[in-house]
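Trainee: This is the structure I want to talk about, given as C-alpha cells.
The values are calculated or read from the model by the stated rules, or taken from the named source; none is laboratory data. In this text the structure is predicted, and so the values were computed from the model without any measurement. Positions of Cβ are backbone-derived with ideal geometry, glycine not excepted, and every protein chain shown enters the neighbour counts.
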Amino acid sequence: MAQPWRKSDGRVGPGPEFSLAGCAAALEAVLGGGTARVWFKESSGRNLRFRDWIAPRGALSKLYPQGQVPEDLMERLLSEYCHHLYIHNCVQTGAGLVIHLDHPALFKEVLSNLPFYTRPLNSVLPKKKCIILNCMPLHGSKGPETLTINHLRAILLADHLAELLRLQGYVVRGVPNLQQNAASCNFLRLIGVNWTTSQRTSSDNKRISDFKKILSESIYTQHGQLEAPPDQIRNKLLKGVQYKVDLKQFIKDKELEGYDTNLDVALVKEEALRQIAELQHTILQGALDQCLVIHVVGCEEEFQQQKIDVLWRILNREIEKVTQLQDQTPLQRPDLRDLSLRHLVCGPVKIMGKHSQIGAVQYFEFRRSQMLEASVVKYGNKVQGDSWSQIINSMTSAVIRFELLATAHRNPLNLDLAQGVNISTKGTKSGAFVMYNCARLATLFHHFNNSVEKGLYPHFPEISQLNFSALREEGEWLLLYNYIIPFRELLAQIIHSMNSDKGIHLTVNTETVCKFLVNLSMDFSSYYNRVHILGEPMEHLLNQMFTRLQLMKGLREVFHTALGTLHIPPPNQL
C-alpha cells in the first residue's frame, strides 16, 4: 500500500496519477485481450515521434475482424480513461491502434511531483517481512587478501540487493556480522559496501553446544570412527570434522526438491555450525511474521552451501522432535512454518590475459591505478589531495560495480583488465560514463546557481508558474517517458522478480539498475550535447529554460537514487 501523497495543487491522494503499469492494465482491460498481450509501450526515439502506445494489427486481428477495433470500444476508452491515462487521442492506422498521450499535461504532473516518481517510498507491507542475506564469501574471512573476484561479485550483489529490498519496505539483515575494525571491513568500506558489523557474543557458543548435542543423538548422524585413509589430502579434509550426517536420507524422508542429486553425506565441522548458529540468532532478533533466508554464493561454493542448508533443516527438525517429546519450551529456533531458504548463485568470473590470478584487492588497485592515470591525463596536476583521492576511489568503485553487476548474476562473466575502455568516460557501457553524465548535471546546476547569485538569472519560480508546453524537443519526452515515469516501477519489478522462481534457486534481475543507468546516460548525453539548456536571460526564453531545468532535476534525482542502491556517491564535479 502506497503512502498518502500531497500533490502540487494541494490535493491528497494514494499516489501518482499516472503509471505505465496502470496504463497498460487499463488498456488491456478495454480491448479484452484476456491473457494475450495486446498493447506495447513505445521506447525508441524514432517511434515516439508518432505514438506512445500501440496495439499492433497482428495482435488485434486475433480479437477483431481484420484487426479493426469497434468504434464503441474506442469511444469507451476515450470517455472512461482519457483523463486518468492522459490520453490525447486514439487512432486506427495501418500499423494498428495507436495512442498519443497528452505530453504537456504529463510533463506538468510528473515534474510537479518529482519526489514521488524519483524516490521510492517505503511500502507498507501487509506483514512485517524480513530478508536474511547470508553472504557466503564473508564467512570465516581471514582478511581481504583471501577474497577472489568471484567472492567480490557475490558480495556486491548482496550489498545491492539489500538496498533494493530496504527501499521496498523489507527488514533486511546481513549475515555474517563482521568484527568491527577488521581489515576486511576496511576494504569493504573502500569499495562502498555497507555490511553489518558488531562484536562477537557468547550466545553463538551456546547454540553450537546445543547443536552438537542434537547431532550426537540424531538418527541422521552416522556414528563410529571416521575413516582416516593414509592419503594426505583426505586427512586434511577430515581435520576438524566432528560429525558425519546423512543428508541424502533426510532429503528423501522429507521429500525436498531442487537440491543437487549428488548430495550424500556432510562432514560437519564447527565452522558450519557457527554459520547456522549466527543465522538462527539473526532470525530471532525480532518478532517477524515472515522470514526468507537467501544464501548469496558463488557457483564454486554452491554445493557446500546446499549441505549447510540441509544440515540446518535437520537441526531444526530434531529440535522440534525433542520439544514435542519432552513438552518443553523449544530451544531458540525460528518458526519454520514461515521460514524459507533460497539460493542466489553467481556465475564464475573469468579474468582474461596475464592478470588471471589476481584477487579482489589487486583487482581494485589495478582499476584504481587506471582511473588515476586517466584522470591525470585529463586534468593534469590538479589530481592530488584527499578530495581527489575520494573521487578516484568512488569512480573506481563505480567501474567495478558496473563490470560485475551489469550481467545477470547467474551468467558467467569475462573480464579483460587490460582494456582501458572500461575506465574511459567515453565508453558508453561503463560505470565511468554513468558517473561522468551524473557529474554533468551537478555542473549544470552549479553554473545556474552561480549565475543566480550574480544576478544573471532570476531565482527558480514556483512550479505552478511554469508552462510545460514549452518542452517540445524530441529528447525531452523520451527522457521523461522512458526514465523518470517508470523509475519507481522498475525498482519494484526487480523485487517482484524474486517471486517468479520455484524451488531452492532464486533469480533476481539485479542487473536492471546498471543497464537502466547506462541507457539513461546515453540518451541524456545525446540530449545534453544537442540542446543548450542555460539560454540567454531574456524574458521570453526563461520559461523554457526553467522547464528544462526542472526536467534535469528529475533526471538528477533518478541518477542519485539509482546510484544509491549501488552505494555509489554521486559525483559533484566533472
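Trainee: State which residue pairs qualify: first residue within 20 Å of VAL110 (Cα to Cα) and modelled with pLDDT of 90 or more and inside the range 74-92, second residue in a helix (DSSP H, G or I) and among the acidic types (Asp, Glu) in any location, beta carbons under 9 Å apart, and separation of 6 or more residues or different chains.
Mentor: Sorted first by the residue in the range 74-92, then by its partner, the pairs are TYR86/GLU109.
Trainee: Going through GLY45, GLY94 one at a time, which residue ends up being farther than 27 Å from ARG488 by Cβ and either in contact with a strand residue (DSSP E or B) (Cβ under 6 Å, 6 or more places away or on another chain) or surrounded by fewer than 16 Cβ atoms within 10 Å (Cβ to Cβ) (or both)?
Mentor: Values: GLY45 fails: farther than 27 Å from ARG488 by Cβ.
One residue alone meets the criteria, GLY94.
Trainee: If I filter the range 152-205 down to residues being of a type in the set (Lys, Arg) and modelled with pLDDT of 85 or more, which single residue comes out as farthest from GLU301 (Cα to Cα)?
Mentor: We begin by selecting, within the range 152-205, every residue of a type in the set (Lys, Arg); these are 153, 166, 173, 189, 200.
Those left that are additionally modelled with pLDDT of 85 or more: 153, 166, 173, 189.
Working: ARG153: 13, ARG166: 27, ARG173: 21, ARG189: 24 Å.
Among those residues, the one meeting the criterion is ARG166.
Trainee: Same structure, new question: So which of ASN134, ASN113 ends up being in contact (Cβ under 8 Å) with a residue 12 or more places away in the chain and either surrounded by fewer than 13 Cβ atoms within 10 Å (Cβ to Cβ) or within 30 Å of GLN290 (Cβ to Cβ) (or both)? Don't jump to the end; show me each part of the working.
Mentor: Numbers: ASN113 fails: either surrounded by fewer than 13 Cβ atoms within 10 Å (Cβ to Cβ) or within 30 Å of GLN290 (Cβ to Cβ) (or both).
Testing whether each residue is in contact (Cβ under 8 Å) with a residue 12 or more places away in the chain and either surrounded by fewer than 13 Cβ atoms within 10 Å (Cβ to Cβ) or within 30 Å of GLN290 (Cβ to Cβ) (or both) leaves just ASN134.
Trainee: Take PRO104 and tell me if it is under 30 Å from PHE468 (Cβ atoms) and either out of contact with any strand residue (DSSP E or B) (no Cβ under 9 Å at 6 or more places or on another chain) or of a type in the set (Asp, Glu) (or both).
Mentor: Numbers: under 30 Å from PHE468 (Cβ atoms): yes; either out of contact with any strand residue (DSSP E or B) (no Cβ under 9 Å at 6 or more places or on another chain) or of a type in the set (Asp, Glu) (or both): yes.
So PRO104 fits the description; yes.
Trainee: Working carefully through the options LEU138, LEU77, LEU147, find the one that is touching a Gly at 6+ places or on another chain (Cβ under 8 Å) and of a type outside the set (Phe, Trp, Tyr). Break it down stepwise before answering.
Mentor: Values: LEU138 fails: touching a Gly at 6+ places or on another chain (Cβ under 8 Å); LEU77 fails: touching a Gly at 6+ places or on another chain (Cβ under 8 Å).
Exactly one of LEU138, LEU77, LEU147 is touching a Gly at 6+ places or on another chain (Cβ under 8 Å) and of a type outside the set (Phe, Trp, Tyr), namely LEU147.
Trainee: Scan the range 453-471 for residues that are within 12 Å of MET545 (Cβ to Cβ) and in a helix (DSSP H, G or I) and report the count.
Mentor: Residues in the range 453-471 being within 12 Å of MET545 (Cβ to Cβ) and in a helix (DSSP H, G or I): 1 in total.
Trainee: Only one of these is assigned by TED's automatic domain parsing to the domain that holds HIS151, modelled with pLDDT of 90 or more and either under 19 Å from LEU27 (Cα atoms) or in contact with a Pro (Cβ under 6 Å, 6 or more places away or on another chain) (or both): LEU97, LEU138, LEU133, LEU106. Name it. Don't jump to the end; show me each part of the working.
Mentor: Working: LEU97 fails: assigned by TED's automatic domain parsing to the domain that holds HIS151; LEU133 fails: either under 19 Å from LEU27 (Cα atoms) or in contact with a Pro (Cβ under 6 Å, 6 or more places away or on another chain) (or both); LEU106 fails: assigned by TED's automatic domain parsing to the domain that holds HIS151.
Among LEU97, LEU138, LEU133, LEU106, only LEU138 is assigned by TED's automatic domain parsing to the domain that holds HIS151, modelled with pLDDT of 90 or more and either under 19 Å from LEU27 (Cα atoms) or in contact with a Pro (Cβ under 6 Å, 6 or more places away or on another chain) (or both).
Trainee: Can you confirm whether PHE487 is at pLDDT 95 or above and under 22 Å from LEU161 (Cβ atoms)?
Mentor: So PHE487 passes the test.
Trainee: Taking only the range 228-263 into account, find how many residues are more than 22 Å from SER218 (Cα to Cα), of a type in the set (S, T, N, Q) and at pLDDT below 90.
Mentor: Total satisfying the criteria: 2.
Trainee: For GLN493, all conditions in the list (1) under 24 Å from LEU520 (Cα atoms); (2) without any contact (Cβ under 8 Å) to a residue 60 or more places away in the chain; (3) over 33 Å from the mean Cα position of the chain (by Cα) hold save one; what is the number of the exception?
Mentor: (3)
Trainee: Same structure, new question: Answer yes or no as to whether GLN3 is at pLDDT below 85, surrounded by fewer than 17 Cβ atoms within 10 Å (Cβ to Cβ) and not charged (D, E, K, R).
Mentor: Working: at pLDDT below 85: yes; surrounded by fewer than 17 Cβ atoms within 10 Å (Cβ to Cβ): yes; not charged (D, E, K, R): yes.
For GLN3, the condition - at pLDDT below 85, surrounded by fewer than 17 Cβ atoms within 10 Å (Cβ to Cβ) and not charged (D, E, K, R) - is met.
So that you can scan it fast, the table gives a plain yes or no per residue for (1) modelled with pLDDT of 85 or more; (2) assigned to a helix (DSSP H, G or I); (3) within 29 Å of the chain's Cα centre (by Cα); (4) among the acidic types (Asp, Glu):
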| residue | (1), (2), (3), (4) |
| --- | --- |
| ILE314 | yes, yes, no, no |
| ARG333 | no, no, no, no |
| PHE366 | yes, yes, yes, no |
| GLU373 | yes, yes, no, yes |
| SER394 | yes, yes, yes, no |
| ILE400 | yes, yes, yes, no |
| ASN411 | yes, no, yes, no |
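Trainee: Now a separate question. Report, by residue number, each residue of the range 145-178 that is of a type in the set (S, T, N, Q) and over 23 Å from HIS496 (Cα atoms). Reasoning before the result, please.
Mentor: Here is the first cut: in the range 145-178, the ones of a type in the set (S, T, N, Q) are 146, 148, 150, 168, 177.
Residues satisfying the conditions are THR146, THR148, ASN150, ASN177.
Trainee: Moving to a separate point now. ASN572 fails exactly one of the following numbered conditions: (1) of a type outside the set (A, V, I, L, M); (2) in a loop (DSSP other than H, G, I, E, B); (3) in contact with a Ser or Thr (Cβ under 8 Å, 6 or more places away or on another chain). What is the number of that condition?
Mentor: Here ASN572 clears every test but (3).
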